[in-house]
Amino acid sequence: PGDYVTYRDSTRAFASVAAVATRGYNLGGGAQPTRVTCGRVTPNLFSTLGVEPSRGRWIADDDDRSGRRVVVLTHQLWRSYFGGAGDIVGRDIHLDAVPHTVVGVMPASFSFPPPGIRQVGEADCWVPTSFSASELAIPSFDFIVLARLAAGVSVEQAGEDAARAARRIWEG
């Protein structure tokens, strides 16, 4: 988490920097309880990836900080587990027995992680995360950081900017 904040706050080559980690949850609220993989994401993940939900909305900046428990579902999970229910947005489901309100469903064509990213598992749903002071202080390698190039920035310039941020991280 601390590395994400460093990249987010100290690089200028990127229009957006997001972080994600996946973990398993027990899902309830549908036919039968089942195990799913859910991405814990910074609220800007979907805009960084340049994708719109097919139903509802993305995770908002204040969802996690406000204490609202929200979730965005994959199209596949919505169809297979919830039967493609037209009223899914706004409905409460349970992740590890904690109620979460469904705020969106991703398009059928969207899958995560993108090709080439093997550090996180394939997600069935996404929940917001903001990092506490203790999470920022303790090194953790659960999260991966993704970024979108800013307009007019070359890959080489972005590499140099990211390398400067990496040096800041290593120098502490």
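The values are calculated or read from the model by the stated rules, or taken from the named source; none is laboratory data. What you see is a predicted model; the values in this text were computed from it and never measured. Don't worry about glycine lacking a Cβ; one is built from the backbone with ideal geometry, like all the others, and counts go over all protein chains shown.
Side notes on the structure shown:
- Identity of the residue in the range 36-78, over 13 Å from Thr101 (Cα atoms) and among the aromatic types (Phe, Trp, Tyr), that ends up farthest from the chain's Cα centre (by Cα): Trp78
- Residues that are touching a helix residue (DSSP H, G or I) at 6+ places or on another chain (Cβ under 7 Å) and farther than 15 Å from Thr129 by Cα within the range 15-26 comprise just one, Ser16.
- Filtered residues of the range 145-159 (kept if in contact (Cβ under 8 Å) with a residue 60 or more places away in the chain and either surrounded by fewer than 13 Cβ atoms within 10 Å (Cβ to Cβ) or in contact with a helix residue (DSSP H, G or I) (Cβ under 9 Å, 6 or more places away or on another chain) (or both)): Val145, Leu146, Ala147, Arg148, Leu149, Ala150, Ala151, Val153
- Any helices (runs of 4 or more DSSP H) falling wholly within the range 1-101 and containing at least 3 residues that are at pLDDT 95 or above and either out of contact with any Cys (no Cβ under 9 Å at 6 or more places or on another chain) or surrounded by 14 or more Cβ atoms within 10 Å (Cβ to Cβ) (or both): 75-82
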